[in-house]
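Heads up: the structure comes next, in structure tokens.
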Amino acid sequence: MSAPAHWRANADLAGLTTLALPARARWLVRVEQEDELPGVLAHASRMDLPVMVLGGGSNVLFARDYPGVVIVMDLMGVQACADGKDMLVTAAAGENWHQFVEYTLSRGWFGLENLALIPGRVGAAPVQNIGAYGVELAQRFHSLRYLDRDGGQVETLTAEQCEFAYRDSIFKNRLRDKAIILSCTFRLSQQFTPVLTYPALRNALQVAGLDSDNSSIAESHEEISAQQVFDAVCAVRRSKLPDPTVLGNAG
């Protein structure tokens, strides 16, 4: 059975992972619309090929060529609506995580600043409940939509139903290899409240001259901005890890 014309055969995977190690996929498919996914999965099933969904490739190491179909999630788009004093912000799974954090900050939707510069895409973030510098994704999460790989229907899970734990979720357990995340919705505030409990972050702010009164900065919302926290987080991360586009690493 032949593959659809837009499927790439013997595709190079090195440029799709942050470690950039050589590997190839028997087939590669880039999915830009949700309604394309069921057809891709069905065709892979008819060809009796395994399927792997790839996001930003920051936690992926191909030890050998992949013998099946690699799906690259290129679903894009961000939508937002007010919910009382908060904003519910929905991002498609293919959105770059760091760029999404930058976007929310630019719109005055706060809560993700401490999660800046984490490599990967939005759809991968809930899988391991990403976290950094005093904030975990679960604290800002509202819900997500996913495609059931077996039944083909789109389902919704609340934050509680995602069974978040430290670097863990339902997608590493009961829904492992059974769900493809399509979009994620976050509950963000329109009033900035800094989270400065992480020592390295506080130290970075002190070095930058933003924390002249160490005891009061965590209590005052006026002495430091969300942009300053974002910048400090980026500075700390860059001091610990090189840019994966320059020197391959897992982030």
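The values are calculated or read from the model by the stated rules, or taken from the named source; none is laboratory data. In this text, all values refer to a predicted model and were calculated from it rather than measured experimentally. Don't worry about glycine lacking a Cβ; one is built from the backbone with ideal geometry, like all the others, and counts go over all protein chains shown.
Return a yes/no flag: does region 42-51 have any residue that is outside any helix (DSSP H, G or I), over 30 Å from G131 (Cβ atoms), among the aliphatic types (A, V, I, L, M) and over 14 Å from the mean Cα position of the chain (by Cα).
Residues of region 42-51 outside any helix (DSSP H, G or I): 47-51.
Filter again for over 30 Å from G131 (Cβ atoms), leaving 47-50.
After this cut, where a residue has to be among the aliphatic types (A, V, I, L, M) as well, the list is 47, 49.
Retained after the next criterion (residues that are over 14 Å from the mean Cα position of the chain (by Cα)): 47, 49.
Yes, there is a match, as at least one residue in region 42-51 is outside any helix (DSSP H, G or I), over 30 Å from G131 (Cβ atoms), among the aliphatic types (A, V, I, L, M) and over 14 Å from the mean Cα position of the chain (by Cα).
Could you check how many residues of region 1-48 are of a type in the set (A, V, I, L, M), over 13 Å from Y66 (Cα atoms) and surrounded by fewer than 12 Cβ atoms within 10 Å (Cβ to Cβ)?
Selection size over region 1-48: 3.
When Q33 is evaluated against the numbered criteria (1) at pLDDT 95 or above; (2) over 25 Å from C184 (Cβ atoms), which criterion, by number, is the only one it fails?
Every listed condition holds for Q33 apart from (2).
Mind checking whether some residue in region 183-190 is modelled with pLDDT of 95 or more and farther than 30 Å from L37 by Cβ?
Yes: region 183-190 contains one or more residues that are modelled with pLDDT of 95 or more and farther than 30 Å from L37 by Cβ.
Please verify whether region 58-67 includes one or more residues that are assigned to a strand (DSSP E or B) and either under 18 Å from F141 (Cα atoms) or touching a Gly at 6+ places or on another chain (Cβ under 8 Å) (or both).
As a first pass, look at region 58-67 and keep what is assigned to a strand (DSSP E or B): 66-67.
Narrowing further to those that are either under 18 Å from F141 (Cα atoms) or touching a Gly at 6+ places or on another chain (Cβ under 8 Å) (or both): none.
No, every residue in region 58-67 fails to be assigned to a strand (DSSP E or B) and either under 18 Å from F141 (Cα atoms) or touching a Gly at 6+ places or on another chain (Cβ under 8 Å) (or both).
Of everything in region 75-99 that's surrounded by 17 or more Cβ atoms within 10 Å (Cβ to Cβ) and in a loop (DSSP other than H, G, I, E, B), which residue is farthest from the chain's Cα centre (by Cα)?
Looking at residues that are surrounded by 17 or more Cβ atoms within 10 Å (Cβ to Cβ) and in a loop (DSSP other than H, G, I, E, B), I get L75.
For residues that are assigned to a loop (DSSP other than H, G, I, E, B) and free of Cβ contacts under 8 Å to residues at least 40 places away in the same chain, scanning just region 100-135, find the one that is surrounded by the fewest Cβ atoms within 10 Å (Cβ to Cβ). It would help to see each step written out before you state the result.
To start, the set of residues in region 100-135 that are assigned to a loop (DSSP other than H, G, I, E, B) comprises 107-109, 111-112, 116-120, 125-130, 133-134.
Within this subset, residues satisfying the condition of being free of Cβ contacts under 8 Å to residues at least 40 places away in the same chain are 107, 130.
Numbers: R107: 14, I130: 19.
Per the criteria, the residue is R107.
Quick check on my filter: what residues within region 222-242 are free of Cβ contacts under 8 Å to residues at least 24 places away in the same chain and of a type in the set (A, V, I, L, M)?
Step one: filter region 222-242 for residues free of Cβ contacts under 8 Å to residues at least 24 places away in the same chain, giving 222-223, 228, 231, 239-242.
Across region 222-242, the qualifying residue is only L241.
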